[in-house]
Amino acid sequence: MTKMTQDVFQHPKTVMSGMRPTGKLHLGHYVGVLKNWVQLQNDYPCYFMIADWHALTTKATQTDALRDDIHEIVLDWLAAGIDPAKATIYVQSAIPEIAELHLLLSMITPNKWVETDPTLKDMVQMMSEELNYGLLGYPVLQTADILMMQGNLVPVGKDQLAHLEISRDIARRFNHITQTHTFDEPRPLLTHTPLLMGLDGRKMGKSYGNGILISDTEETTWKQLKGAVTDRARTTRDIPGQVSQCEVVYPYHQVFSSQAVIDKTAEECHTAARGCMDCKKILLESILSEMAPIMARRQALANDLSLVHRILKDGNESARERATQTITTVRRAMKLYQS
Ligand code: TRP
């Protein structure tokens, strides 16, 4: 098909993305993902999904916290500015049609496609147990998430590109086998945000407890930031530093501070005119000028979970409506038995 004839068949642009509910979100999630979602919801219909089944692929035996984790992630999203009046916020497991689509797509997915997925390989390696069938299906389930909402724009980080390539292959194969144009091949929307390190210089991760959380307060933010790593060679205040060697504080300035503050930081670090502790205080101001209203909103929202329940009830309902349409189209395209 030529590019032009292909465009004729394209579905309207729809954004779909998701996150696994694995605990409270940190600043890395905020600058890397949520800020982008907040922009996208103004320009496209958006479906933002809490991927609780995906969470089970690596911890099916630890479900005690799942319910709370779902609430926490919704609170973080809302505080960051995801607006249920603009975007549909819903829970994967509330849409059983996704499981059906996952099953159907699994029938047209060669094992080789999933077995060679590098992101999946990484996940398997990190697990202590042996690879289970559900985890192998991770990218297929993710494909069902996307295609169920007729998503064709998928904002994700680099680590998800391999999964998305499989989604494109599956969509293409489905269309080919059924001789329909049921699905667009979903395209990634890569977010070009610098990776925020954890405050200790390691990867920012929930299990490390080394990130500032959206659910932190101004006080706890400072408590965390105080211990952040700088230029390790600058062991005393009067040794000039090098911002290129500063592991956390300077890179954070680059994300949160104005250009004037960034420039001044480099200058005063190199001349030892500013100490690291003062530098962290200045960084605190920069972070809080963006995050304080969000953190405050997060605290306020957490007082009334009935709002979260209402938002999810509405979101689940409207996502389910769309799912019903898609699954009907899919069953028809595959000429399946329909009662
Ligand atoms: N695998 C994604 C992650 O870990 C989460 C996810 C689940 C997702 N379903 C999705 C992302 C659908 C995009 C689209 O970040």
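Read-outs: derived from the displayed coordinates by stated rules, not from any lab. Remember, it's a predicted structure, so these values are computed and weren't measured experimentally. We place every Cβ from the backbone using ideal geometry, glycine too, and count neighbours over all the protein chains shown.
Of note:
- For the range 32-161: relative contact order, % (alpha-carbon pairs under 8 angstrom, 6 or more apart): 34 percent
- Using C-alpha pairs under 8 Å with a sequence gap of at least 6, the mean separation divided by the residue count of the chain gives a relative contact order of 22 percent.
- Measuring nothing but how far apart in sequence close Cα pairs (under 8 Å, 6+ apart) lie, relative to its length, the range 218-299 scores a relative contact order of 33 percent.
- By the count of neighbouring beta-carbon atoms within 10 Å, fewest first, GLU321, GLU268 end up ordered GLU321, GLU268.
- Between ASN303 and LYS206, the C-beta separation translates, for a Förster distance of 25 Å, into a calculated FRET efficiency of about 0.60.
- Dipole size of the chain about its Cα centre, with +1 on Lys/Arg Cβ and -1 on Asp/Glu Cβ: approximately 400 debye, rounded to the nearest 20.
- The chain: DSSP helices with Cα axial extent of at least 27 Å and average Kyte-Doolittle hydropathy no lower than 0.0: 276-302
- In terms of other Cβ atoms within 10 Å, SER215, SER167 run from fewest to most in the order SER215, SER167.
- Taken as Cα centroids, the range 267-327 and the range 62-98 sit 14 Å apart, rounded to the nearest whole angstrom.
- Diffusion constant of the range 218-299 at 25 °C, which comes from Stokes-Einstein with the Kirkwood Cα-pair radius and 0.890 mPa s, µm²/s: 190 µm²/s
- Remark: MET123, MET295, MET197 ranked as MET123, MET197, MET295, counting other beta-carbon atoms within 10 Å and listing the fewest first.
- Taking a ≥ b ≥ c as the square roots of the eigenvalues of the alpha carbon gyration tensor, the range 1-107 is oblate, as a/c is not under 1.5 and a/b does not beat b/c.
- Anisotropy class of the chain from Cα gyration tensor, a/c 1.5 cut: prolate
- Restraint check, LYS86/LYS313; LYS59/LYS203; LYS112/LYS206; LYS158/LYS313, Cα-Cα greater than 26 Å: LYS112/LYS206; LYS158/LYS313
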